[in-house]
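Written out below as structure tokens is the structure these notes cover.
The values are calculated or read from the model by the stated rules, or taken from the named source; none is laboratory data. Predicted, not measured: the structure shown is a model, and the values here were computed from it. No Cβ is skipped: glycine too gets one built from the backbone with ideal geometry, and neighbour counts run over all protein chains shown. What goes into the accessible areas is simple: the full protein's heavy atoms, side chains included, and nothing from ligands, DNA or RNA. Shrake-Rupley method; radii C 1.70, N 1.55, O 1.52, S 1.80 Å.
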Amino acid sequence: MKFCFWGNISGALQGRNPGGGELQIAYLAKALALKGHEVVIVDPYSKNSFITEEGVKLINVPGWNKGIKGLRLFFNRIPSLWRTLVAQKADYYYVRMRSYLHILPFLAAKKNKGKFITGIASDIDVMSFKKKYKYSYKGNFSFLRVIFINIPNDFVFRSLLRKSDKVILQHSGQQFGSLKLQKRQSVFPNIIKFNDSSAINKRCSGGYYLYVGSITVLKGADNLLNLVNLVNDSIPFRIVGLPLGNKPVKIYQKLRDRRNVELLGRKDHKETLELISGAKALINTSYYEGFSNVFLEAWSLGVPVISLSVDPGNILEEFGLGVNCRGNLSRMKEAIESDETAKLNTNNLFSYLSRFHNFNSSADRFIKILNSSS
């Protein structure tokens with residue numbers, strides 16, 4: 001079978017990952033290619049076309065940035081991307097993350113009599129505009145961005161969710177719509193390559209609790225500050241990531257004043273894995289996530305998770321992967337101060353990943369989903 005993906009994926013293919021959704025597309029594309037499927041990624045943001053060692057063919061779109069801003073979208077970008085997508089004549093066109101340009105691979109799939117797949121990248125993808133605005137757009141508000149980017153992205157994505165031949169969920173809690181729509185929805189958990197963390201040979205706890213990720217309204221910047229203020233100041237926290245938005249920047253400055261908080265800024269992937277490996281537990285204060293790649297990386301290193309609200313598919317306690325505090329900061333404080341996760345069996349973390357998220361079996365699991373609906 002032939003699969004066509006599109007997006008800013010070249011960095012993720014080459015170890016320079018711009019985000020979790022892009023990383024998951026890169027993993028799935030590589031896994032499918034290794035199983036003998038023809039896999040193409042159309043990436044208009046890449047300067048060059050290339051083929052990965054796994055056999056994934058990345059095609060750039062020459063001249064993507066040529067022309068006058070605003071006008072080039074209609075006279076250059078859309079026509080060029082459309083021609084490139086149609087030319088692939090793929091059996092399956094797959095999109096992920098919200099973008100109004102997803103209408104082009106959808107139409108290309110219809111023209112080529114192929115199937116169209118939409119992947120959910122975050123719980124907020126299937127929520128109302130009101131919640132998107134409150135937890136995402138409001139924190140770094142721009143009227144022009146909301147009008148010309150956010151609203152078109154949300155409108156097109158919402159429409160395509162209902163027109164897709166298959167919608168891929170990260171966990172069961174993302175299910176949406178009528179029973180008819182739900183019949184076209186399948187859970188395919190995020191993928192992890194265990195050898196990505198092979199540089200970390202032995203876990204040795206540094207006695208700290210670690211936060212990893214951008215500091216935003218959606219990711220609970222206010223919850224993070226409140227948690228640090230609640231917990232005994234003899235307990236150290238390390239924070240990897242930078243603030244995005246006016247309110248998170250102010251929160252970041254307040255965190256800087258806490259004597260038990262070490263702000264580490266942005267780190268590369270290897271440094272981040274080393275920091276995760278040394279943590280007592282990974283903490284998460286988000287209001288909403290998808291299925292966090294950082295959760296997977298922590299578990300692959302034998303590090304459990306303490307989460308304020310996010311528990312994809314209610315797995316944390318079911319599989320012994322960490323603690324779900326169900327939105328209660330006092331419960332999170334208690335879990336940290338009592339070192340509750342020290343009682344968990346790390347073998348549970350590895351066995352869970354091997355069963356549900358293993359890169360080596362991901363292509364077979366994905367194809368099984370497609371075949372079950374064909």
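Quick one: helix 246-256 against the long Cα principal axis of the chain, what's the angle to the nearest 10°, folded into 0 to 90?
That works out to roughly 30 degrees.
State the three equivalent ellipsoid semi-axes of region 99-216, derived from the C-alpha gyration tensor as the square roots of 5 times its eigenvalues, in descending order and whole Å.
Each semi-axis is √(5λ); the values are 31, 23, 15 Å.
Out of all DSSP beta bridges in the chain, what portion is antiparallel? Express it as a percent rounded to 5.
If we restrict to bridges inside the chain, about 5 percent are antiparallel.
Once you've got the GNM for the chain with C-alpha springs shorter than 10 Å, pick whichever of Phe75, Phe319, Phe155 has the biggest mean-square fluctuation.
With Cα springs under 10 Å in the chain, the top fluctuation among Phe75, Phe319, Phe155 is at Phe75.
Could you point to the residue in Ile306, Gly278, Asn223 farthest towards the positive end of the chain's charge dipole, with +1 and -1 charges on the Cβ of Lys/Arg and Asp/Glu respectively?
Ranked along the dipole, the leading option is Asn223.
State whether region 205-245 is rounded, prolate or oblate according to the following rule on the C-alpha gyration tensor (a ≥ b ≥ c being the square roots of its eigenvalues): a/c under 1.5 gives rounded; otherwise a/b larger than b/c gives prolate, and the remaining case gives oblate.
Since a/c reaches 1.5 but b/c is at least a/b, the shape of region 205-245 is classed as oblate.
Taking square-rooted eigenvalues a ≥ b ≥ c of the alpha carbon gyration tensor, is region 131-198 rounded, prolate or oblate, where a/c under 1.5 means rounded and, failing that, a/b exceeding b/c means prolate?
oblate
What does the C-alpha gyration tensor say about the overall shape of region 44-127? Classify as rounded when a/c is under 1.5, otherwise prolate if a/b is larger than b/c, or oblate.
Cα axes put region 44-127 in the rounded bin.
Determine, at each q value in 0.24, 0.30 (inverse angstroms), the log₁₀ of I(q)/I(0) that the Debye formula gives when each Cα of region 320-374 is one equal point scatterer.
For region 320-374, the Cα-only Debye profile gives -0.90, -1.09.
In 5 Å bins starting at zero, report the fraction of Cα pairs in region 81-123 per bin as a rounded %.
The calculated distribution, bin by bin, is 6, 26, 32, 20, 11, 4, 1.
Using the Karplus curve 6.51 cos²θ - 1.76 cosθ + 1.60 with θ = phi - 60°, work out ³J(HN,Hα) for each residue of region 56-68 in order, rounded to whole Hz, and write x for Gly and Pro.
Working through the residues one at a time gives 6, 9, 9, 10, 8, 10, x, x, 4, 9, 7, x, 7 Hz.
Ordering Glu318, Glu289, Glu271, Glu38 from largest to smallest accessible area (1.4 angstrom probe), what's the sequence?
Output order, biggest surface exposure first: Glu318, Glu38, Glu271, Glu289.
Tell me, what HN-Hα J-couplings in whole Hz come from the Karplus equation 6.51 cos²θ - 1.76 cosθ + 1.60 at θ = phi - 60° for each residue of region 279-293, using x for Gly and Pro?
8, 5, 7, 8, 10, 9, 10, 5, 6, 9, 9, x, 9, 4, 5
What list of ³J(HN,Hα) couplings, whole Hz, do you get for region 89-106 from phi and the Karplus terms 6.51, -1.76, 1.60, once you set θ to phi - 60° and write x for glycine and proline?
After applying 6.51 cos²θ - 1.76 cosθ + 1.60, I find 6, 7, 6, 9, 10, 10, 10, 8, 6, 7, 7, 5, 6, 4, 4, 5, x, 4 Hz.
List the relative contact order of region 1-113 as a percent without decimals, with contacts defined as Cα pairs under 8 Å and 6+ residues apart.
Reported relative contact order: 27 percent.
How many percent of the accessible area of region 220-310 is carbon or sulfur, using a 1.4 Å probe?
Here it works out to 45 percent.
Give the long-range amide H neighbours of Arg96: residues separated by 5 or more places, or on another chain, with amide H under 5 Å away, using H modelled in the peptide plane at 1.01 Å from N.
Residues meeting the criterion, in which the H sits 1.01 Å from N, are Gly119.
Given the pairs Lys130/Lys250; Lys130/Lys333; Lys130/Lys183; Lys130/Lys163; Lys130/Lys343; Lys35/Lys166, which span a C-alpha to C-alpha distance of over 32 angstrom in this model?
Over 32 Å apart, Cα to Cα: Lys130/Lys343.
For region 244-316 and region 92-171, write down the distance between their C-alpha centroids in whole Å.
Using only Cα atoms, the two centres lie 26 Å from each other.
Regarding the chain, what is the average projected area of its C-alpha convex hull, in nm²?
That works out to 18.3 nm².
Starting from the amide H of Gln185, placed 1.01 Å from N in the peptide plane, find each other amide H under 5 Å away whose residue is 5 or more places distant or on another chain.
It is Val167, by chain and number.
What Kirkwood Rh does region 247-342 have if only Cα atoms enter the pairwise 1/r average? Answer in Å.
Computed over region 247-342, the radius equals 14.4 Å.
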